[in-house]
Amino acid sequence: MSIFLRRWPALAWGGLGSAIIILALAWLVPVPLFQEGPPQGPGEGLAPLPLLPQATVTGEIRADEPGLSRVKVQAATYARRNTCTLEAELLQGGRVLATKKLNCSWFPDLDWVEIPFYLTDSNLDPGTYTVRFTSPDSDPLNAVAVMGLAGQGVLLRPVYRTGSIPLWNWLWRFRTDYGRLLLALMIFLACGGLASGVGAEVRRIGRNEKSR
Amino acid sequence: MSRAALWPALALAVLLAGFVLLGGRIYADYGITFDEESHSDYGRQLADYFLSRGERTEASRNPYAKGDGGAATAAAFGPPFELPVELWAAGKKLTYQEHFLARHAYNLGWGAACLMAVAGLAWRLGTPWTAFFSVLLLILNPRFFGHCFNNIKDIPFAAGMALALWAALAAVDSLHKRGRFNWVVLGLAFASAFLVRMTGLAAMALAAGGLGLIYAGHFLARPLGPPQVERAWERDLFRFGLALALVYALTLALWPFIQQHPLDFWPIMQKRTAEALAGHHAPPTLFWGAKSYPGRAHLLYLPSWFAVGQPPVFVAAALGGLVLVFSRWGGALKRWIQLYLNRGDRAKADRSRADKETALFARNSVILAWLVGLPLYLMATRFHFYDGIRHVLFIVVGQAVLGGLFLGWISARAGQWKTPAKALAGLVLVLALLEPAWTMVRLHPFQTSYFTPLAGGLKGAEAAGLEPDYWGSSTTAAARWLTGYTKDLKGPLLVKTSSPFSGTRLGLGPKLTPVLSGRAEDRQGDFYIGLRRWGMEALFPEAPVVHRVSRQGVVMAVVRQLRPIEGLPWPPRTEGVGP
């Protein structure tokens, strides 16, 4: 058997080996799980709050669970040049935990856009945090807005990290189509490698018989 | 490299370098077309997806990703070709204006890659001079040249197809000589076409057909003796499968939203067919004065575009090359049949020659299937290409190879001619090449609007009902002119505009604010920029025209002044009220 296998071509070994490596990786690679919380902010009378140079819009977000790792904000554009910068700070007790700047050129004009501010990659504890928005390089012809109510906050959505699971489990749980694809790829590689090896062996036996 | 190949290789290098240097000087002159913004949006959302490590999934909600509604093109696009420039733009934090300039510069890179792929393909099919002439003809094809700086996707696809066909022919040749082919190269080449458009599937079919012909020829030639090269069919099949799996894996990695993934190819095609049958169509185009829709185009729609949209020298050389390839294809088939018929005669039957003829037949079959078979299929299905031949640039690059084959063939024979005949032939060729070169200079930056002088140029095309402007790129030129016209004024000034909004937005200076005319009915505008296309120049008919963007006497866009403005004469030094 060992002599039989040693004569298999590299293509056969490559096919079989790749199938095994993919299977191993699918089991070993962890995928983080996230969960979005409900939107928070003033419920009635929401309006675009334009971020002009001197304006600062502040909102509060409450993390009910541990693992707060993302904050999303509802922004709006209203037929301006939109080449300004939107800046956000995440604070707790006056201490700045994270800052983020976004170029507004990319926001679709005259539209609503929920912007995920990846303010922190760390998992924050439950509690109340402040998010402060500014746009220091804006002007009346070049500004965007965030959705909220003047003096009462901004529409924000918390995103929590809830743990991680192996890639294989994640695929079959959330993307069955991808899971099937991966399984099909492994079967194809294994079968192709096997066919190449057996084919080479059959030819070798045929050549040996002819030479006799 | 042989001594004989040195001069043509040097000439080719100079040509390519000249193209890149020239392109680097002029790429900023080109306007922004209708769908560049939507492609850019999708590309940016894809970049966001990767930069956020899969967290930002706006791209999955983009109409291009959904593949539903009015985005019929979603069925045919693999937007990852946009990713590199969008990732770069995000990393460099480019402004809106810089971003579009970067996209146009990026497309120049694709144009250079396309020329190199064409050179490689032509060199494989002919001689180094074939490669030189192919590249020269392609650069002097205004439709190809103009697209290198506009509307990223058609040139990348043309480059991908040229690469894929080059790799397919290399595989056909390898199978004949070594009995195996490089599946990694083939897969990457397939991916380069497939990741831009689903039409890239055609390259895989062509390669499979070419390899299949080799196997069929060798199977039939068994009575002529043992094969020169062992063919392990299960290994070749596995290799071809691996090439496809590589394409698929790359597609999946770069195009993560499976709802428009190639897996959905058949459902999407069914949907498009159902839409066409139900009467929902892609945007119509003007063709010979009549509106043309998918499934209803005239049988001669495609060849007519090839004839009127390209320089006479290009068309003539491509036709000459087509005759050459047909004769080689027929010759190989004839010689193979003669060898096969002599299978009983050991002195005449020759397995190794039959195998060589099989390879020659297979390689020319691949070329003919690409450059004759696909166009015939498109003609038979009455396929509709809005905006002329931009959708079939992947066939135009092949026509350049045909033209190169023909000119290379002529130049090889010219060595035996007498000096006056050589001089005359050279003079005719130079004069024929001067026509597109001179017209391209005069049309700049609207080379994509080229029409052959045999049909009366742009003027003749307009009279015949063909569309003179290319996807509204003239609005940028109008906006740039207006910026210069108002440079001494105090802002802000409001410029009402028709689509493409981004084209105008890019061209206007900081004192000028663009507003889509449909969204600003209640606001008093200062100027209006309108396209000739779809009659949008006729809005605000009472306002005087202060500028026209025109080429060869054909107006593409107009600028109107809507009210008296301090610092500017009123009535303005008008160019007339009408367009």
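Figures for the structure shown
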| read-out | value |
| --- | --- |
| Any hit, segment B:371-379, residues being closer than 30 Å to B:THR33 by Cβ and modelled with pLDDT of 95 or more | yes |
| B:PHE451 hydrophobic (A, V, I, L, M, F, W, C), touching a strand residue (DSSP E or B) at 6+ places or on another chain (Cβ under 6 Å) and farther than 21 Å from B:LEU15 by Cβ | no |
| Every residue from segment B:80-100 that is in a helix (DSSP H, G or I), farther than 18 Å from B:TYR30 by Cβ and at the interface with chain A (Cβ under 9 Å from one of its Cβ atoms) | B:ALA90 |
| Near pairs, Cβ below 6 angstrom, 6+ apart or cross-chain, from segment B:537-549 (under 19 Å from B:PRO569 (Cα atoms)) to any residue that is surrounded by fewer than 19 Cβ atoms within 10 Å (Cβ to Cβ) and among the small types (Gly, Ala, Ser) | B:VAL545/B:GLY576 |
| Selection status of A:ARG157, modelled with pLDDT of 85 or more, buried (at least 18 other Cβ atoms within 10 Å of the Cβ), more than 10 Å from chain B (Cβ to nearest Cβ) and not in a loop (DSSP other than H, G, I, E, B) | yes |
| Filtered residues of segment B:454-490 (kept if surrounded by fewer than 18 Cβ atoms within 10 Å (Cβ to Cβ), charged (D, E, K, R) and in a helix (DSSP H, G or I)) | B:LYS459 |
| Any chance B:GLY408 is small (Gly, Ala, Ser) and surrounded by fewer than 22 Cβ atoms within 10 Å (Cβ to Cβ) | no |
| One residue from A:ARG7, A:ARG80 being within 14 Å of chain B (Cβ to nearest Cβ), surrounded by fewer than 13 Cβ atoms within 10 Å (Cβ to Cβ) and on the phi < 0 side of the Ramachandran plot | A:ARG7 |
| Hits in segment A:126-142 (condition: modelled with pLDDT under 85 and in a loop (DSSP other than H, G, I, E, B)) | A:PRO140, A:LEU141 |
| Among (1) surrounded by 24 or more Cβ atoms within 10 Å (Cβ to Cβ); (2) not in a helix (DSSP H, G or I), the one test that B:VAL397 misses | (2) |
| Options B:LEU454, B:LEU482, B:LEU489, B:LEU494; residue that is aliphatic (A, V, I, L, M) and free of Cβ contacts under 8 Å to residues at least 60 places away in the same chain | B:LEU494 |
| Hits in segment B:221-244 (condition: closer than 15 Å to B:ALA193 by Cα and at the interface with chain A (Cβ under 10 Å from one of its Cβ atoms)) | B:LEU244 |
| Hey, B:LEU494 touching a Ser or Thr at 6+ places or on another chain (Cβ under 8 Å), more than 24 Å from B:HIS147 (Cα to Cα) and within 14 Å of chain A (Cβ to nearest Cβ) or not | yes |
| Matching entry among B:GLY43, B:GLY23 (being at pLDDT 80 or above, surrounded by 15 or more Cβ atoms within 10 Å (Cβ to Cβ) and in contact with a Pro (Cβ under 8 Å, 6 or more places away or on another chain)) | B:GLY43 |
| Only one of B:TRP570, B:TRP534 that is of a type in the set (Phe, Trp, Tyr) and either at pLDDT 90 or above or part of a helix (DSSP H, G or I) (or both) | B:TRP534 |
| Single residue of A:ARG180, A:ARG204 found to be part of a helix (DSSP H, G or I), without any contact (Cβ under 8 Å) to a residue 60 or more places away in the chain and within 13 Å of chain B (Cβ to nearest Cβ) | A:ARG180 |
| Lone unmet requirement of (1) crowded, with 19+ Cβ neighbours inside 10 Å; (2) among the polar types (S, T, N, Q); (3) more than 20 Å from A:VAL159 (Cβ to Cβ) for A:GLN74 | (3) |
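Condition check ((1) in contact with a helix residue (DSSP H, G or I) (Cβ under 9 Å, 6 or more places away or on another chain); (2) at pLDDT 85 or above; (3) buried (at least 17 other Cβ atoms within 10 Å of the Cβ)) across all residues:
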site	(1), (2), (3)
B:ARG235	yes, yes, yes
B:THR251	yes, no, yes
B:PRO256	yes, no, yes
B:PRO262	yes, no, yes
B:LEU277	no, no, no
B:PHE287	yes, no, yes
B:ALA290	no, no, no
B:GLN310	yes, yes, yes
B:VAL313	yes, yes, yes
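The values are calculated or read from the model by the stated rules, or taken from the named source; none is laboratory data. What you see is a predicted model, and the numbers here were worked out from it, not measured in a lab. All Cβ positions, even for glycine, are placed from backbone atoms using ideal geometry, and neighbour counts span all protein chains on display.
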